[in-house]
Amino acid sequence: MNPAPTAPAPRTDGTDRDALAVDRYAVLGNPVAHSRSPAIHAEFARQTGAAIEYTRLLCPLDGFEAGVRAFAAGGARGCNVTVPFKHEAWLLAARRSDRAERAGAANVLRFDAEGWWADNSDGIGLVRDIEQGAGLPIAGRALLLIGAGGAAAGVLGPLLAARPSRLVVVNRTAAKAQALVASHAGWAAEQGVPLAARTLDDPGRGYDIVVNASASSLAGVAAPVPASVLASGALAVDLMYGAAAEPFLAWARAAGAEARDGLGMLVEQAAEAFHAWRGVMPRTAPVLASLRAQMAAAAK
């Protein structure tokens, strides 16, 4: 369990320091204007009574390190990191969680006095959304992971820890899928999960859970694999949400699968970051429901 932040010392001038102190956080990326993280963390703060300020910070593509160091030097407590800086964040950390080490990337930094600590909460966010949000235990079910880039690397370790009956990685470039599988082979063996790489042309059939972590949604491609990958009653999850996820979701529904976008994962990974910073786990269901209602209203 991540330790709770040290409580601030009491003031001696007759004022309540707790009433005045505001802990600063942000999400750093490029682009970052679209991020829903400020709204999500504002809801978490209201739930838990935390006094925080959470903003978006756009970093130049060659200026992430300078940007995050300046933010930390200004007294911030931590930050989220989004594309394309997750590997840089991992490199800058003095200490890393096991799942950040396996992913080779970090989306959470905590600015501890003894050295920055990095985590990758994407995978556990996905696992929780599948198991709690969709109500489908992963253990004992066959799982297909589409993609072998940074998004796939971020979720593979926690997916293996959930112990599916088998897990197959497919990617447009077969060598990348093979490399990702090789980097997680030891962890898969520890979990007792058969792990293999296959090609998009021959992905296998009948998976209970299909996770799209590829860039196909951004390219407007419905799915880079045939519908035969879906078992009867399968769950198909796209890590994207909003308009970008719609082609994949429509493909899954047309094939008779339950379709789920990445909005739940977004909320769950944010909750894990909040827990790492604040030492308390917020409730995610009401925040997800609020976001979905907002998006539905905006689409009308």
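The values are calculated or read from the model by the stated rules, or taken from the named source; none is laboratory data. Since the structure is predicted, the reported quantities are computational estimates derived from the model, not experimental observations. Every residue, glycine among them, receives a Cβ derived from its backbone with ideal geometry; neighbour counts consider all protein chains shown.
Is it the case, given these coordinates, that VAL181 is surrounded by fewer than 22 Cβ atoms within 10 Å (Cβ to Cβ) and under 17 Å from ARG102 (Cα atoms)? Before you say what the answer is, go through the steps one by one.
Working: surrounded by fewer than 22 Cβ atoms within 10 Å (Cβ to Cβ): yes; under 17 Å from ARG102 (Cα atoms): yes.
Spelling it out, VAL181 is indeed surrounded by fewer than 22 Cβ atoms within 10 Å (Cβ to Cβ) and under 17 Å from ARG102 (Cα atoms).
Is it true that GLY192 is closer than 15 Å to ALA142 by Cβ, touching a Leu at 6+ places or on another chain (Cβ under 9 Å) and surrounded by fewer than 20 Cβ atoms within 10 Å (Cβ to Cβ)?
No, not satisfied.
Give segment 132-167 a look and list any residue that's among the small types (Gly, Ala, Ser) and assigned to a helix (DSSP H, G or I), or say none.
If the condition is that a residue be among the small types (Gly, Ala, Ser) and assigned to a helix (DSSP H, G or I), then GLY133, GLY150, ALA151, ALA152, ALA153, GLY154, GLY157, ALA161 are the ones that fit.
Counting only residues that are surrounded by 15 or more Cβ atoms within 10 Å (Cβ to Cβ), among the β-branched types (Val, Ile, Thr) and modelled with pLDDT under 95, give me the strands (runs of 3 or more DSSP E) lying completely in segment 24-131 with at least 3 of them.
none
Using the structure shown, decide if SER228 is polar (S, T, N, Q), over 20 Å from ASP122 (Cα atoms) and touching a residue at least 12 places away in the same chain (Cβ under 8 Å).
Yes: the conditions hold for SER228.
Take residues that are more than 27 Å from THR173 (Cβ to Cβ) and at pLDDT 95 or above and tell me which of the helices (runs of 4 or more DSSP H) falling wholly in segment 218-300 contain 3 or more.
The helices (runs of 4 or more DSSP H) meeting that bar are 263-278, 285-299.
What pairs can you find where one residue is in segment 20-32 and more than 10 Å from VAL83 (Cβ to Cβ), the other is of a type in the set (Asp, Glu), and their Cβ atoms are less than 6 Å apart, with a gap of 6+ or different chains?
If the second residue must be of a type in the set (Asp, Glu), the pairs left are VAL22/GLU53; ARG24/GLU53.
I'd like the full set of residues that are under 17 Å from GLY279 (Cβ atoms) and either at pLDDT 90 or above or out of contact with any Pro (no Cβ under 6 Å at 6 or more places or on another chain) (or both), limited to segment 1-21.
MET1, ASN2, PRO3, ALA4, PRO5, THR6, ALA7, PRO8, ASP18 - these are the residues of segment 1-21 that are under 17 Å from GLY279 (Cβ atoms) and either at pLDDT 90 or above or out of contact with any Pro (no Cβ under 6 Å at 6 or more places or on another chain) (or both).
Pairs, please: C-beta under 8 Å, at least 6 apart or cross-chain, first residue among the polar types (S, T, N, Q) and in segment 185-212, second surrounded by 20 or more Cβ atoms within 10 Å (Cβ to Cβ) and assigned to a strand (DSSP E or B)?
Pairs that qualify, where the first residue is among the polar types (S, T, N, Q) and the partner is surrounded by 20 or more Cβ atoms within 10 Å (Cβ to Cβ) and assigned to a strand (DSSP E or B), are THR199/VAL170; ASN212/ILE146; ASN212/ALA236; ASN212/VAL237; ASN212/ASP238.
Quick check: is even one residue across segment 201-209 in a strand (DSSP E or B), within 19 Å of LEU156 (Cα to Cα) and of a type in the set (A, V, I, L, M)?
Taking every residue of segment 201-209 in turn, at least one turns out to be in a strand (DSSP E or B), within 19 Å of LEU156 (Cα to Cα) and of a type in the set (A, V, I, L, M).
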